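Here's the structure, in structure tokens; my notes come after.
Read-outs throughout are calculated quantities, based only on the coordinates presented, and are distinct from any laboratory measurement. Computed from a predicted model, the values in this text were never measured in an experiment. Ideal geometry is used to build each Cβ from the backbone, glycine not excepted, and the neighbour counts take in all protein chains shown.
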Amino acid sequence: MSRKAWSQVGQQLFFIGPATFFFTLIVVIPFLLGMYYSFTDWNGVSGTVAWVGLDNFTQIFAKDSDFFPAFWFTTKFTIVGVVLTNLLGFGLAYVLTKPLKLRNALRTIFFMPNVIGGLLLGFIWQFIFVKGFSAIGDATGIGFFNLPWLGDEITAFWGIIIVFVWQTAGYLMVIYIAAMTNVPKDVMEAAEIDGATRGQVLRHVIVPLIMPAVTVCLFLAISWSFKMFDLNLSLTKGGPFKSTESVALNIYLEAFQNNRYGLGTAKAFLFFIIVAVITLIQVRITKSKEVEV
Amino acid sequence: MESGKKYGGRTFVTEVVMIIVGLVFLVPFYFLLVNSVKSFGDLLSNAANWPAAFEWSNYQRAWEITKFPQAFSNSFIITAASILLIALLSAMAAYRMVRHNSRFNKALFMIFVAAMVIPFQSIMIPLVKVTGMIHLTDSIGGLIICYLGFGAPLSIFLFHGFVKSVPVEIEEAAVVDGCSPYAVFWRVVFPLLKPMFVTVVILNSLWIWNDYLLPSLVLQSAEHRTIPLATYAFFGQYTKQWDLALPALVLGIAPIVAFFLAMQKYIIEGITAGSVKG
């Protein structure tokens, strides 16, 4: 090879080599290994790993009783969580682009929960639900606060939803604010001169023009809620009676608590496929609705 | 859309409503702070009241039991080293991929982008085996290496978009002046990437500082624990001991909240820049 070709090889290795090396080691190899292990009876401890074909998958679909409840819980949680956090984030952004005096302070407040990690937030809210809510209930007599928060299936579900929305709405608000700030003023004014009401401006001018932000926010919210783990672990640990166990938590417990690594990797592989399909569908649908200015 | 209209009665009502909503948002922090300085009995009798007496010793005990300085310095070292290395290595890789857009590099870039879809839980089980085999387990350096792998895709994606907008003429001029390809990157390109460097560092720092799952799988010994790991271990031991748990939580969130309030402008900009393309 010529000197020039060698120089290209050197540059390729120097610039791309390190990132690709760590990425391959930490992401690609485990990902491929996981696909292999999902067809085995690996238990994480013993040296021998036997090929079991589709056994793990048939067990998930036929016998294993906790994957589908976890999947169903995650789906319900994702639908409710994504809708609510986007509505709140959008609403906050809509109001906080108006010329309020305390606009910046309010934006800070709504965003702040987001910088705190899900694990610590879950523990904080455990206290709020158990002690704080009952104190509010005693003081005000409102029945809502005296429910057995986190104690039964329904309050545990809504408990996680409340914390999830409280944590994530501010992040989406930031993205929606950036998009709304970029909606051209003359378009808004033209709509107002034509006699459009506030609702009509919102629905027919603002929403279509910020569709790219809607794509991003839906994408983020789906990905957060579908992969939720930290909040789930610290708030309910999947309880009561596994009723609030997310798929991510289910996979974790299957491998590291039940020591069924093979079964865990099979679930993890299915989880990956579901996430990939949702992502593709969702990006395609929202991209087709975008409007060029 | 940000309108500069006059401040009318309607806006005033909106403002008042939003202040109330904002206060409701802050209620959890009120409960957390107020109860963290109560004695256990005071806390149990009524969680909403102002403390009867301030028990600052709660904080002293929580500080000692969680070994807070140790956890803080672990979190700090891991986050700082990871974010700087991720940003540097990703910038280098993205630069080369844009400027030398060969078929191989195109395919490689596609693989990085596609990997962003993979949920962490899909690889964590075999990852534990891989980290065990190459002795990355229970070492802070090993954990940093893991973050380099997981952080690369999004960071490369963000830098890739940014490098494309950097005019290539500047680099060509530098080459004519006798700069080596490495010097071109260091002296010419890297300084121009600064805005995206800040974005990548911010996005990764919030993620890594708060991450629980990966450190919990890689680190084992107590002296390596990060703040989330120390908090989790503490909760396992002192369940329902709220007079210790709450001050521990306040200590745990204080650094990141302080970081946010100090760096708010950059964080908001970083999120906006990072999401527009994400």
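A few remarks follow.
- Counts of other chain beta carbons within 10 angstrom of each beta carbon in peptide A:227-233 average 3.
- For region A:88-203, the direction-averaged projected area of the alpha-carbon convex hull comes to 9.7 nm².
- Stokes-Einstein D for region A:9-98, Kirkwood Rh over Cα pairs, 4 °C, 1.567 mPa s (µm²/s): 72 µm²/s
- Cβ crowding within 10 Å averaged over residues, with A:3-9, B:65-71, A:141-147 ranked highest first: B:65-71, A:141-147, A:3-9
- Residue A:108-residue B:53 FRET efficiency (beta carbon distance; Förster radius 41 Å; 0.05 resolution): 0.80
- In the distance distribution for region A:224-293, Cα-Cα pairs more than 13 Å apart total 70 percent.
- Its residue count N fixes a reference of 2.2 N^0.38 Å for region B:192-278, and the Cα radius of gyration divided by that reference is 1.34.
- Under 20 Å from residue A:237, Cα to Cα: aspartates and glutamates that are on another chain or at least 8 residues apart: A:64, A:66, A:152, A:153, A:245, A:254, B:211
- Relative contact order for chain A: 30 percent, from Cα pairs under 8 Å spaced at least 6 residues apart, divided by residue count.
- Paramagnetic reach from residue A:237 (point 7 Å along Cα→Cβ, amide N under 14 Å) across region B:237-263: B:237-241
- Over all pairs of different C-alpha atoms in region B:134-205, the reciprocal of the mean inverse distance, the Kirkwood hydrodynamic radius, equals 14.2 Å.
- Each Lys or Arg adds one and each Asp or Glu takes one away; over the other residues whose Cβ falls under 15 Å from the Cβ of residue B:49, this sums to -2.
- Placing a pseudo-label 7 Å from each Cα along the Cα-to-Cβ vector at residue B:265 and residue A:3 gives an inter-label distance of 4.9 nm.
- Candidate aspartates and glutamates for bridging to residue B:67, where Cα separation is under 16 Å - those fewer than 8 sequence places away on the same chain excluded: B:223
- Per residue Cα convex hull volume in Å³ - calculated over region B:216-265: 96 Å³
- Counting only residues at least eight positions apart within a chain, or on another chain, the aspartates and glutamates with an alpha carbon under 17 Å from that of residue A:98 are A:186, A:189, A:192, B:2, B:15.
- The ranking of A:171, A:94 by Cβ neighbour count inside 10 Å, starting from the fewest, reads A:94, A:171.
- Gyration tensor analysis over the Cα atoms of region B:1-122 returns equivalent ellipsoid semi-axes of 46, 31, 14 Å (largest first, whole Å).
- Expected 222 nm ellipticity per residue - DSSP helices of 4 or more, -39500 (n - 2.57), all of chain B, to 500: -24500 deg cm²/dmol
- Mean Cβ count within 10 Å, highest first, over the residues of peptides A:159-168, B:54-63: A:159-168, B:54-63
- For chain A, a Gaussian network of Cα nodes joined below 10 Å ranks A:229, A:21, A:39 by mean-square fluctuation, and the top entry is A:21.
- Per residue Cα convex hull volume in Å³ - calculated over the protein assembly as shown: 185 Å³
- Peptide A:132-142 has a mean shielding of 3, counted as Cβ atoms of other protein chains within 10 Å of each residue's Cβ.
- Listed pairs A:101/A:287; B:106/B:194; A:76/A:101 exceeding 32 Å between Cα atoms: A:101/A:287; A:76/A:101
- Using a Förster distance of 22 Å, the FRET efficiency for residue B:67-residue B:139 (Cβ separation, nearest 0.05): 0.75
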